[in-house]
Amino acid sequence: MKTDERRQAIKRKREKLIQDLERMYVAAFDRPAKLEVAVGEIKTAQLIPMMLNSKQAAIEPLGKEINKTVITTPGQA
């Protein structure tokens, strides 16, 4: 596999992982509404920012790698 093809394959894998994480977090954000009944509004409100921080921490590094500028070196003549 050529370097560019490998780079594109890795990019697609990262993009797929981001999509999967986004879906997982959407499902997780549905839970606090149900959790509120059990633990109360205040505890649920405290949980939401933690979930948002977790989402950002999981996805941001992948996005940075996808958008990173690729520095290449010329081949040997």
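Since every read-out is calculated from the coordinates, none of them should be taken as a lab result. Source: prediction; values computed, not measured. Heads up, the Cβs are rebuilt from the backbone with ideal geometry, glycines too, and the neighbour counts pull from every protein chain shown.
The C-alpha atoms of the chain define a longest principal axis, and helix 3-39 lies at about 0 degrees to it.
Computed over the chain, relative contact order equals 43 percent, with contacts defined as Cα pairs under 8 Å that lie 6+ residues apart. Computed from these coordinates, which is Kirkwood radius over Cα pairs in Å: [x] 13.2; [y] 14.5; [z] 15.2? Evaluating Kirkwood radius over Cα pairs in Å on these atoms matches [z].
Multiplying the sequence separation of Gln46 and Arg12 by 0.36 nm and subtracting their Cα-Cα distance, what value in nm do you get? Between Gln46 and Arg12, full extension yields 8.8 nm more. Using only side-chain charges placed at the Cβ, +1 for Lys and Arg and -1 for Asp and Glu, the dipole size of the range 3-65 relative to its Cα centre rounds to 240 debye. Bridging of Lys55 to lysines at a Cα separation below 25 Å is possible for Lys11, Lys13, Lys16, Lys34, Lys43, Lys64, Lys68, once same-chain residues fewer than 8 apart are set aside.
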